[in-house]
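Have a look at the structure below, then the notes.
The values are calculated or read from the model by the stated rules, or taken from the named source; none is laboratory data. Model, not experiment: these values are computed from the prediction. Because the Cβ atoms are built from the backbone with ideal geometry, glycine has one as well, and the counts that use them run over all protein chains shown. When the accessible area is computed, the model is the full protein with side chains, heavy atoms only, and any ligands, DNA or RNA have been set aside. Shrake-Rupley method; radii C 1.70, N 1.55, O 1.52, S 1.80 Å.
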Amino acid sequence: MRREHPDLPVRCTTAFDIPACLDTAGVATRVTEYGPAENIFSQGDASDSVMYIRKGGVTLSVRSKVGKDAVVAMLGPGDFFGEGCLAGQPRRTASATAIARSAIQVIEKAEMLRVLHEQHGLSDRFISHMLTRYVRMEGDLVDQLLSSTEKRLAQALLLLARYGTQDHPQRVLASISQETLAETVGTTRSRVNVLMNKFERLGFIDRSRRSLTINDSLLSVVLQD
């Protein structure tokens, strides 16, 4: 689905709603739907666009020369990715994969540069996003070295539910594969299975075939010493 609004005035609200801005400020974009585990782009692909997650979630992973994959980031609604093209990156340095059914808004490089120059509200929000993500990835690296697998898994689930990033977290998520969670927190699928069963038994999460509900009590796992 492609949306283009060449005749609308370049204008965004003071409160600043990124989706509304991208839809109404004359930004030419397209929105593409992806299913769970579907590839969005691969490491080595041409880096020619910035992407914004409207719904769902995305993992960014890198592959070593010996063929080993490692998840370096887990992103959710409201996050940008693929921004390396704006810094002159000719090829994608990571692969992006949908975690669940996702809607991804694609803004071509030239269009993104134009709107960042014209829309100060979007530019400020984009810079804030980049700084926040840098700090978060730095914290994730520390957690990989120092935190328990249980705590890292809880953090990953809370991140997907957008705790700490918006006033009303997205408590109900589409079902996420245990393989994806295992890659994200750096452990085995069997270990994730044990921990997810524990979280459910303690009332931290509720699971069904198609959804996963994150309860506020899961925060206790992250906050514990």
Any residue in segment 26-48 that is in contact (Cβ under 8 Å) with a residue 24 or more places away in the chain sitting within a Cβ distance under 7 Å of a residue that is open to solvent by less than 40 Å² (accessible area, probe 1.4 Å) and of a type in the set (Asp, Glu)? List the pairs, counting only those 6 or more apart or interchain.
Val27/Glu111; Ala28/Glu111
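Give me a count of the residues in segment 53-98 that are touching a residue at least 60 places away in the same chain (Cβ under 8 Å) and closer than 20 Å to Ile18 by Cβ.
Residues of segment 53-98 that are touching a residue at least 60 places away in the same chain (Cβ under 8 Å), as a first pass: 56-57, 59, 61, 69-74, 76-78, 97-98.
Subset that is closer than 20 Å to Ile18 by Cβ: 56-57, 73-74, 76-78, 98.
Going through segment 53-98 one residue at a time, the tally reaches 8.
Give the residues of segment 20-55 that are polar (S, T, N, Q) and open to solvent by 20 Å² or more (accessible area, probe 1.4 Å), sorted by residue number. Steps first, answer last, please.
Going through segment 20-55, the residues polar (S, T, N, Q) turn out to be 24, 29, 32, 39, 42-43, 47, 49.
Selection gives Thr24, Thr32, Asn39, Ser42, Gln43.
This table checks each residue for (1) over 22 Å from Ser128 (Cα atoms); (2) crowded, with 16+ Cβ neighbours inside 10 Å; (3) not aromatic (Phe, Trp, Tyr).
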{"residue": "Gly57", "(1), (2), (3)": "no, yes, yes"}
{"residue": "Val66", "(1), (2), (3)": "yes, no, yes"}
{"residue": "Ala73", "(1), (2), (3)": "no, yes, yes"}
{"residue": "Glu83", "(1), (2), (3)": "no, yes, yes"}
{"residue": "Pro90", "(1), (2), (3)": "yes, no, yes"}
{"residue": "Thr97", "(1), (2), (3)": "yes, yes, yes"}
{"residue": "Ile104", "(1), (2), (3)": "no, yes, yes"}
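If I go through segment 215-225 residue by residue, how many of them are open to solvent by 60 Å² or more (accessible area, probe 1.4 Å) and either modelled with pLDDT of 90 or more or not in a loop (DSSP other than H, G, I, E, B) (or both)? Before you say what the answer is, go through the steps one by one.
Keep residues of segment 215-225 that are open to solvent by 60 Å² or more (accessible area, probe 1.4 Å), which gives 216, 219, 223-225.
From the residues that got through so far, the ones that are either modelled with pLDDT of 90 or more or not in a loop (DSSP other than H, G, I, E, B) (or both) too are 216, 219, 223.
Within segment 215-225, residues that are open to solvent by 60 Å² or more (accessible area, probe 1.4 Å) and either modelled with pLDDT of 90 or more or not in a loop (DSSP other than H, G, I, E, B) (or both) number 3.
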Output for segment 197-214, where each listed residue is over 20 Å from the mean Cα position of the chain (by Cα), in contact (Cβ under 8 Å) with a residue 24 or more places away in the chain and open to solvent by less than 60 Å² (accessible area, probe 1.4 Å)
Phe199, Phe204, Ile205
Hey, among the residues in segment 121-147 that are closer than 16 Å to Leu22 by Cβ and among the hydrophobic types (A, V, I, L, M, F, W, C), which one's modelled with the highest pLDDT?
Phe126
Search segment 111-127 for residues that are farther than 15 Å from Leu86 by Cβ and pair each with any residue that is among the polar types (S, T, N, Q) and at pLDDT below 85 when their beta-carbon atoms are under 9 Å apart and the residues are at least 6 apart or on different chains.
Gly121/Thr13; Gly121/Thr14
Condition first: assigned to a helix (DSSP H, G or I), free of Cβ contacts under 8 Å to residues at least 40 places away in the same chain and open to solvent by 70 Å² or more (accessible area, probe 1.4 Å). Now tell me which residues in segment 173-196 satisfy that.
Glu179, Arg189, Ser190, Val194
